[in-house]
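The values are calculated or read from the model by the stated rules, or taken from the named source; none is laboratory data. Quantities reported herein were computed from a predicted structural model and do not represent experimental measurements. Counting neighbours? That spans all protein chains shown, and the Cβs are built from the backbone with ideal geometry, glycine included. Just so you know, the surface numbers come from the protein's heavy atoms only, side chains and all, with ligands and any DNA or RNA stripped out. Shrake-Rupley method; radii C 1.70, N 1.55, O 1.52, S 1.80 Å.
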Protein chains: 2
Amino acid sequence: MQSIASSASRLRAGARVLRAVAATSTNVQLRASPGLALRAPALAFTRSYASDQKVVAYTVDKFPGYTRDDSFKKLNENDVEYFRSIVGDNGLIYNNEDDLFAYNTDWMNKFRGKSQLVLKPKTTQQVSDILRYCNDQRLAVVPQGGNTGLVGGSVPVFDEIVLNLQGMNRIRGFDSVSGILTADAGCVLEVLDNWLAEKGYMMPLDLGAKGSCHIGGNIATNAGGLRLLRYGSLHGTVLGLEVVLPDGTILDNMSTLRKDNTGYDLKQLFIGSEGTIGVITGVSILTPHRSKAVNVALLGLNSFEDVQKAFKQSRIELSEILSAFEFWDINALQMFKKHATPKAVMENEYPFYVLIETSGSNKDHDDEKLTTYLENMMTDGVAEDGVVAQDETQIRSLWSLREGFTEALGKEPAVYKYDISMPVPKIYECVEDMRQHLKEGGVFGAEDSPVTDVVAYGHVGDGNLHLNIAAQRLDKKTAELIEPYLFEWVSNHQGSISAEHGLGVAKNEFLGYSKSPVMIQLMKKFKKMLDPNGILNPYKYLPTH
Amino acid sequence: MQSIASSASRLRAGARVLRAVAATSTNVQLRASPGLALRAPALAFTRSYASDQKVVAYTVDKFPGYTRDDSFKKLNENDVEYFRSIVGDNGLIYNNEDDLFAYNTDWMNKFRGKSQLVLKPKTTQQVSDILRYCNDQRLAVVPQGGNTGLVGGSVPVFDEIVLNLQGMNRIRGFDSVSGILTADAGCVLEVLDNWLAEKGYMMPLDLGAKGSCHIGGNIATNAGGLRLLRYGSLHGTVLGLEVVLPDGTILDNMSTLRKDNTGYDLKQLFIGSEGTIGVITGVSILTPHRSKAVNVALLGLNSFEDVQKAFKQSRIELSEILSAFEFWDINALQMFKKHATPKAVMENEYPFYVLIETSGSNKDHDDEKLTTYLENMMTDGVAEDGVVAQDETQIRSLWSLREGFTEALGKEPAVYKYDISMPVPKIYECVEDMRQHLKEGGVFGAEDSPVTDVVAYGHVGDGNLHLNIAAQRLDKKTAELIEPYLFEWVSNHQGSISAEHGLGVAKNEFLGYSKSPVMIQLMKKFKKMLDPNGILNPYKYLPTH
């Protein structure tokens, strides 16, 4: 990595190269703009529990209104001994507040449960034995993967037993002709991706938490992430699942076939079910070839109108090689700069930025397509400035900027986090409307306002906005100004109140803003049929009242 | 189109050009090999009922063992009058054997039911009113789209009312930024594709029956088709559905969002459910940009080993522009030639053929990638010969060869048709094993054998084989040699007994070869929950015993 000062100036030089290209419209090769100056922050999913333990409030204290369901039995020593007979001494954590903390608390320290027992099975049969017993005994269970969720779905609310899948982390098989991977649910996404890299393949999804999250958790939450635009949703790429139902039944649907029209596609129901109707233990997934050529460019733009123009044209000109189209506003960049130095990417600052990634099989072809596209964007006045990463390090640096917003925001005293989707043209209207609404409500805009900034970034290609309201403190007035106002806004524009983060305990009561009463009623019927005793992940996902 | 003689000779010239390119390995542009000589056959889905009516046997006579479920009421005049009040005089066909024939019989004339009533609703509300009444009155119903299925799923077995969706054929909307189309279920696939073409988009699926099949039927049967390799399955591209449940409840899940993680993804369950748990009335689907450049090449190869090599290399070299990779054997070509003239594509005949299609945004780039790939295939001795279509007409001609096998086989006295999937390396082993098995069984190989040929073609990229056993007549001995032998073979190789055609009445009793008892039991629970009176598409899909 270059030193800050020199790399910043070279970056500016790089930006000028691009402008020059655009002005003359000659077909030169992309030139280097080396050493992107931003220090790649450690990913957001590193935790230091010890110092936080005492101050993290319990979910039930922070969000009053929860009542423990008394149909669930309270754990006793006999139960623990039974579980010990299944998973052994090393497969459980019991009654040890310090060790349990990491499993009771989400990584943002926003949700905290009171479980006394964590189980770490190593086989599908163990998961089955555990669930059969829990179902018979009416013991409530929270399935847990990498615990990187944002809606409190993977930690207990009361004393539910935590069923953590980290012990199930074997790769089961790989077919190098078809690119179909089978693996245990507890495999870490990045581990799988690195393993596939050696074989010329890659995982069809990527997200900031990849170093910690499990593929089983990804599927249970229908994770979207950064490259859905190119490789599609998990509903298309997941070919088979092994799932243990609440009564211990093992559902073996580990198909490794791209086409199989023999009956209801039951596995689909578990994708995005957040551990409420079954525990995913095994996964069969279609993996794409790893692209030989990857390019990443960053553009500075003056309006969200231009962001949309750039997106629409990228779908035509970059078409089959386009693998990501991300945007953020200047508020997001400033938030990043507040918590990470050094600060410069381009000479000037712009109201909007887009990060464009291409992935293809021929570097020369991709460079030519990207250059032509970038030239057109500059010539047409859509983009004001731009840089293109010249090597793997610079590519990672640009991505770490995009992936660093979550961590930067995590350093603010308080953040109201939203993850919504809607038709692309509405995305920034939503942000501006929220700023105005908070100003009019008297909580934003003045020096001592509780809200300090409204920050926006997201996946343009998916109509997916991550809206973050940073504040000096959480307060009731602000919270009541945001909700349900925002959900109503989204609902009025045919949007989703949770694009990819899911429902958990954070959004379940608001489901009615995105789904009709008929839909919710049918969901409840499915839940009741598959989990008649309601032992799996209670208090979450579906509205409780 | 060129005359037969001249175009055949030019084709050979074209083939030689390609060979010359390979031999010298110089980087020349692809040269024209104009005028592919094959006459494009009319698509297989044209019917002439009048002449066949008397000879088409009823399903219940042809496949004994069916018993009418007496819990279903028999239609009476009051019922008909009620339906007339909903759909009007023009919305029903009643008690007219000639007019009813086309709705009672599948296009292969293999399955024939005895319905006395066809209803053609024009709105979702009408579908709801009809189903509510049928559910209350215990009248059995068969949902029907374009009636192009191959497993008897869309025609009645006994006297079920036919609910035909052809009257619901409005396009509801299109978002030109995101490419999301919403439409009635009764829209014809090709009509939608042509409509999208004017906007620069295309449907994400394509199949031989496109001129007749409905998008609703495509989704109800989870149609795969020719470009699944590139654009993925309907589980990924369908974003929303409007479905009427058996009790008349309208389930409005017409999301137009690429990301929406709010609750169980209920729509998924209806994709591939073959009309057994709900009637799809509306569709929201993600459509890709229509490629500016499309190339189609045909290769002749000596072994299925070489077919696999060509496929594996195409995924690396053609990668993001590869949109189809189809294969057939010489038996398929000879079957085509038997029923369609003229006959030549290449100078010589080869044991195997592959059709490769690329779709991209830059013609020069695609030509270069394809030329390099084809050169490599020839130089490495993987392919023996090849031609490249030079214009839209030639592209259509090559495709019409691939799409013409179904019709050619339809002209044989009898055909046993199978649609199976398995790991790619096993595909042709299955074909050869079946030939040997039939010879050993004494029904194939001699001059007067009932079986005249075993013909194979399919989608290599999807591991999907269409296995067709042509015969002089249907006979019990042959049938018993094929089934369950073939299903056992497929099951032993972790394959599917129905890759894309579905179950219907043709395969439902064999479901156990592809799904475990646990899976089938759970499927039956879903069916029971959503259709407690079993009025929707009875006698089909799930095993009846």
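Which whole number gives the average count of other chain Cβ atoms within 10 Å of the Cβ atoms across peptide A:315-324?
Average per residue, whole number: 5.
Taking every eigenvalue of the Cα gyration tensor of the stretch B:59-164, multiplying by 5 and rooting it, what semi-axes result, largest first, whole Å?
After scaling each eigenvalue by five and taking roots: 22, 16, 12 Å.
Hey, what do the phi angles of the stretch A:280-285 turn into as Karplus ³J(HN,Hα) couplings, whole Hz, using 6.51/-1.76/1.60 and θ = phi - 60°, x for Gly and Pro?
6, 10, x, 9, 10, 9
What order, most packed first, do the peptides B:480-487, A:355-362 have when packing is the mean number of other Cβ atoms within 10 Å of each residue?
A:355-362, B:480-487
For the protein assembly as shown, with all protein chains present and a 1.4 Å probe, just round the carbon and sulfur fraction of the accessible area to a whole percent.
That fraction is 49 percent.
Run lengths n ≥ 4 of DSSP H only: what is the helix-derived mean residue ellipticity at 222 nm for chain B, with -39500 (n - 2.57) per run over all residues, to the nearest 500?
Calculated from helices alone, the mean residue ellipticity at 222 nm is -10000 deg cm²/dmol.
Assuming R0 = 30 Å, can you tell me the calculated FRET efficiency for the pair A:N348 and A:Q436, based on Cβ-Cβ distance, to the nearest 0.05?
0.70
Under 8 Å for C-alpha pairs, at least 6 residues apart: give me the relative contact order for chain A, rounded to a whole percent.
RCO, chain A: 17 percent.
So what is the orientation-averaged projected area of the stretch A:126-202, using the convex hull of its C-alpha atoms, in nm²?
6.4 nm²
May I ask you to report, in nm to one decimal and beginning with the shortest, the distances from B:K114 to the same position in the other copies, taking label points 7 Å along Cα-to-Cβ?
Nearest first, the other copies' label points are 6.7 nm away.
Subtracting the Cα-Cα distance from 0.36 nm times the residue separation, let me have the gained length for A:T379 to A:R132 in nm, one decimal.
This chain segment gains 82.4 nm when fully extended.
Between the stretch A:139-180 and the stretch B:185-204, what's the alpha-carbon centroid distance in Å?
Spelled out, the Cα-based centre of one part sits 41 Å from the other.
Which lysines have a Cα lying under 16 Å from the Cα of B:K73, excluding residues fewer than 8 positions away in the same chain?
Cα-Cα hits under 16 Å: B:K114.
What total accessible area, in Å², is buried where chains A and B meet, using a 1.4 Å probe and rounding to the nearest 100?
7200 Å²
Would you mind listing the distances between the B:K74 label point and the same position in each other copy? Use 7 Å along Cα-to-C-beta, nm, one decimal, shortest first.
For B:K74, the other copies' label points sit at 6.6 nm, shortest first.
Hey, can you grab everything whose amide H is under 5 Å from the amide H of A:R227? Only 5+ residues off in sequence or another chain; H modelled, so Pro and N-termini drop out.
A:D206
Just which residue of chain B brings its Cβ nearest the axis of rotation onto chain A, and by how many angstrom, rounded whole?
Residue and rounded Å distance to the axis: B:G236, 1.
Given B:K74/B:K528; A:K363/B:K309; B:K62/B:K337, which pairs have Cα atoms separated by over 27 Å?
B:K62/B:K337
Report the equivalent ellipsoid semi-axes for the stretch B:293-407 in whole Å, largest first, defined as the square roots of five times the eigenvalues of the gyration tensor built from alpha carbon atoms.
22, 17, 11
For A:Q472, place a label point 7 Å from Cα along the Cα-to-Cβ direction in every copy; what are the distances to the other copies, in nm, shortest first?
In ascending order, 9.6 nm.
Taking beta carbons within 10 Å but only from partner chains, what does the mean come to for residues B:419-428?
Counting other chains' Cβ atoms within 10 Å and averaging over B:419-428 gives 3.
HN-Hα J couplings of the stretch B:239-247 from phi, Karplus 6.51/-1.76/1.60, θ = phi - 60°, integer Hz, Gly and Pro as x?
Result, rounded to whole Hz: 9, x, 9, 10, 10, 9, 6, x, 8.
How far apart, in nanometres, would the label points at A:H545 and B:K199 be if each is projected 7 angstrom from Cα along the Cα-to-Cβ direction?
Between A:H545 and B:K199, the label points sit 4.4 nm apart.
For chain A, return all DSSP H helices satisfying: extent of Cα atoms along own axis at least 18 Å; mean Kyte-Doolittle hydropathy at least 0.5.
The answer, listed by residue number, is A:4-24.
Which residues' amide hydrogens lie under 5 Å from the amide hydrogen of B:D385, considering only partners 5 or more residues apart or on another chain, with H built in the peptide plane?
Hits under the 5 Å cutoff: B:G300.
Suppose R0 equals 60 Å. What FRET efficiency, 1/(1 + (r/R0)^6) with r the Cβ-Cβ distance, do A:H493 and B:Q472 give to the nearest 0.05?
Here the calculated transfer efficiency is 0.40.
What whole-number value in Å² describes the accessible area per residue of the protein assembly as shown for a 1.4 Å probe?
Computed with neighbouring chains in place, this is 35 Å² per residue.
Using θ = phi - 60° and the Karplus relation 6.51 cos²θ - 1.76 cosθ + 1.60, list the HN-Hα couplings for the stretch A:453-464 in order, rounded to whole Hz, with x at every Gly or Pro.
Working through the residues one at a time gives 6, 10, 10, 10, 7, x, 9, 4, x, 9, x, 10 Hz.
Heavy atoms of the protein only, probe of 1.4 Å, neighbouring chains included. What is the accessible area of A:D448 in Å², nearest 10?
Accessible area of A:D448: about 120 Å².
Go through the stretch B:220-256 and flag every residue whose accessible area shrinks by 40 Å² or more with all protein chains in place compared to the isolated chain (probe 1.4 Å).
Listed by number, the residues meeting the 40 Å² cut-off are B:L228, B:H235, B:L251.
Suppose R0 equals 22 Å. What FRET efficiency, 1/(1 + (r/R0)^6) with r the Cβ-Cβ distance, do A:K363 and B:I316 give to the nearest 0.05?
With R0 = 22 Å, the Cβ-Cβ based efficiency is 0.95.
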